[in-house]
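Participant: Sharing a structure with you now.
Derivation of every value follows stated rules applied to the coordinates shown; laboratory data play no part. Predicted, not measured: the structure shown is a model, and the values here were computed from it. With ideal geometry, Cβ positions are generated from the backbone for all residues, glycine too; neighbour counts draw on all protein chains shown.
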Amino acid sequence: MSRKFLLLMSTSIIVLVSISVQGQTAKKKRALAKPAATTEDVQQLKDLVSSQQKQMEAEHQQVEQLRSQLQQLVDATQQANAAAQKAQTTTDQAQSAATQAQKDAAEAQRLADQASENAVEAKTGLALVKTSEADNIKRLGTLEGITSRFRLNGDIRLRGENFQQSCPACVDRNRARVRVRLGIEGKLNEDFTGGLAFATGSLGDPTTTNETLTNFFERKTIGLDRGYITYQPVAHKWLQLTGGKFAYTWNRTSTTFDPDINPEGFAAKLSFDLKIPVVKNFTVQGINLLYSENTNSKLAYANTHDSFAAGGQVSGKLDFVFMTSTPSFTILNWRNVDAILNASAFAVQATTTGTSPTAPTPVTGLPAPGEGPGCAGGLNLPSVAPCAVAANGMTNATTVDAKGGVHFLSGFLYADLILNNQIKTGLSRLPLNVLLEYENNLDAAAHPLDAKGNPTTLGSQAHAYLFDLSLGQSKAKNDVIFGYAFERQEQDSILSSFAESDQRAPTNILQHRIYAQWRLRQNVSANYSYWIGRTLNSNLEHSVLATGTVPGTKEPYLRRMQFDLIYSF
């Protein structure tokens, strides 16, 4: 409306100005049409025309100014309209934005309310989480405290071995074996520690944890190998009491016990570290080993006593700057040893048992499903249980009484002296190790029996000697050991049932061994052992002889090579 009004007014002003100009022009024409005038009249007329022209020019300028002003007014009006439209648009946008802002504010308020509710819920949940987390941390702390006190350990050993013996009827033998051991040990509290371990191996053979890879992929036997508790008070660390089935707590070699045996019973040790020249430690310990409970008084050998071994050891540690020496002396008295010769079918894992006199052809020793070594054979030794338990053969002298009971010819009272020395060579990873051992059975019979069970004029077979020389150690990656050992062990020097299982025979032997070890990694090692041995006196009772060897003659050497790969953890 304002724009049209302004245009109408502008047009009216222009028309009026035009009419005024035309009227003045008509008046001038009429004046010129008058009769001739005088010079004065002409001059006046000129003045008048000049005045009129000036007036017309002034009016023309005014018209132009009015047009200019009108144009400016029109432009201003258009700009005002444009600004008004823009303002209207802005107003509409502002209104829309305000409306949207109001909606957003409402939504924000709703979200704020929801957030407040969520915050309350989160706070409650956080409190529950903190409580649960505290409980979990407490449980984890308790579990960590328990697990940190215990340590998992064990090893897996793969072995390939070969047997060769030069005799007409001897056949080379090759076999592969595996040994698996797994244990856990740790603190029960500040004063008590305990442990248990499982190992492969026949339950009737205490001298080995090996399983031969044979018998048509059968599952291999695993049994409890250790289970013990040790008391060593923090206030008196020099005292140590151990009970159960445990690792050896005293110094010993394979001359008296196979390394795979874990004895059963009790041990008490008093060990004192000293800070005086040369003597650095002094240890005394008592040993009580329980190996057979007497539950059958009807057996020919039986009495009312259980079988056990009791004794002790004195040892020390000497430091001579260039050499460290660990001497030890052990006394061990085996009581009621005849139980070993009259073991049950379960104890020997019998492969034969009983008799069948009613069969068409009388049979002694029926097949049984035992997986173990079964009864040990020998002169006058029964082939069915009760019988002798000796997985690697019974090589001790035995006799039979008037009632048919089987007994050892000798008693067994070990007196064992060991001197273990480590000499510095100037190379920390290559020390020289020298081990010397002399063992004497103080209760051996004065004279042994020959191959037919008759007395001989030989002196007592009571002594064992061991010499072991090696260079190197096995502590860190790439450590190596090279060694040689020689052993001479007479028939009744020790109980053959518990002797080293890898040598030619349990007792009555001459044995050489060459060995080497290379620690490939911290927990992986490769071992090589070459056993060369023969029976010492082939004319003694229960001598282990190659097929075709005549008692009283020299047995050919049995050569046994072993290659081991051991992974420990």
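Participant: On a straight-distance basis, which aspartates and glutamates could pair with LYS403 in a cross-link, Cα separation under 19 angstrom, same-chain partners fewer than 8 positions away excluded?
Facilitator: Of all the aspartates and glutamates, those that pass the test against LYS403 - Cα under 19 Å, at least 8 places apart if same chain - are ASP338.
Participant: Which of (i) 54; (ii) 58; (iii) 64 is the computed percent of Cα pairs over 32 Å apart for the structure on display?
Facilitator: Working out percent of Cα pairs over 32 Å apart from the coordinates points to (iii).
Participant: Shifting gears a bit: Strictly over 27 Å apart at the Cα level, which of LYS245/LYS269; LYS220/LYS269; LYS245/LYS424 would you flag in this model? List each step's numbers first, then the result.
Facilitator: Numbers: LYS245/LYS269 16 Å; LYS220/LYS269 37 Å; LYS245/LYS424 36 Å.
Flagged as over cut-off: LYS220/LYS269; LYS245/LYS424.
Participant: Report relative contact order for segment 473-551 in percent, whole number only (criteria: Cα-Cα under 8 Å, sequence separation at least 6).
Facilitator: Working: 147 pairs, mean separation 23.5, N = 79.
Computed over segment 473-551, the figure is 30 percent.
Participant: Please find the FRET efficiency linking THR221 to ASN162, where r is the Cβ-Cβ separation and R0 is fixed at 25 Å, and quote it to the nearest 0.05.
Facilitator: Working: r = 25 Å, r/R0 = 0.98.
Computed FRET efficiency for THR221 and ASN162 comes out at 0.50.
Participant: Round to the nearest 0.05 the FRET efficiency obtained for SER148 and LEU274 when R0 = 41 Å and r is the Cβ-Cβ distance.
Facilitator: Numbers: r = 32 Å, r/R0 = 0.79.
Here the calculated transfer efficiency is 0.80.
Participant: Relative to the present Cα-Cα distance, how much length would full extension add between ILE423 and PHE322 at 0.36 nm per residue of separation?
Facilitator: Working: separation 101, 0.36 × 101 = 36.36 nm, distance 0.61 nm.
Gain in length upon complete extension: 35.7 nm.
Participant: So how much slack lies between ALA127 and THR99, counting 0.36 nm per residue of separation and subtracting their Cα-Cα distance, in nm? Display every interim value, and only then the final one.
Facilitator: Numbers: separation 28, 0.36 × 28 = 10.08 nm, distance 4.10 nm.
Extra length from ALA127 to THR99 when fully extended: 6.0 nm.
Participant: Here's another thing I want to ask about it. Rounded to the nearest 500, what is the chain's calculated 222 nm mean residue ellipticity when only DSSP H runs of at least 4 contribute -39500 (n - 2.57) each, over all residues? Don't skip to the end; give the middle numbers.
Facilitator: Numbers: 3 runs with 144 residues, N = 569.
-9500 deg cm²/dmol, from helical runs alone.
Participant: Within segment 447-475, which residues have the backbone N less than 12 Å from the label spot 7 Å out from ASP155 along Cα→beta-carbon, could you tell me?
Facilitator: Those under the cut-off are 474-475.
Participant: Take each of the peptides 102-114, 499-511, 236-248, average the number of other beta-carbon atoms within 10 Å over its residues, and list them starting from the highest. Let's see the in-between values first.
Facilitator: Working: 102-114: 10.6, 499-511: 24.8, 236-248: 15.4.
So the order, starting with the most tightly packed, is 499-511, 236-248, 102-114.
Participant: Taking LYS187 as the anchor, which aspartates and glutamates have their alpha carbon closer than 14 Å to its alpha carbon, excluding any fewer than eight residues away along the same chain?
Facilitator: Candidates past the 8-residue exclusion: GLU144.
Participant: Run the paramagnetic zone check for ARG521: 7 angstrom along Cα to Cβ, then residues of segment 438-481 with backbone nitrogen under 17 Å.
Facilitator: Within reach of a label on ARG521, which here means backbone N under 17 Å from a point 7 Å along Cα→Cβ, segment 438-481 contributes 475-479.
Participant: Can you give the FRET efficiency to the nearest 0.05 for ALA235 and MET561, using r as the Cβ-Cβ distance and R₀ = 60 Å? Intermediate results must be reported in sequence, preceding the final value.
Facilitator: On the way: r = 52 Å, r/R0 = 0.86.
It comes out at approximately 0.70.
Participant: Can you tell me the relative contact order of segment 149-568? Whole percent, Cα pairs under 8 Å, sequence separation 6 or more. Write down the numbers at each step before the final one.
Facilitator: On the way: 1180 pairs, mean separation 56.5, N = 420.
Dividing the mean separation by the residue count of segment 149-568 yields 13 percent.
Participant: Then there is this: Using DSSP to define loop residues, name the trypsin sites (Lys or Arg not before Pro) in segment 513-564 whose beta-carbon has at most 14 other beta-carbon atoms within 10 Å. Walk me through the intermediate numbers first.
Facilitator: Values: sites: ARG513, ARG519, ARG521, ARG534, LYS554, ARG559, ARG560; in loops: LYS554.
Hits after loop and neighbour filter: LYS554.
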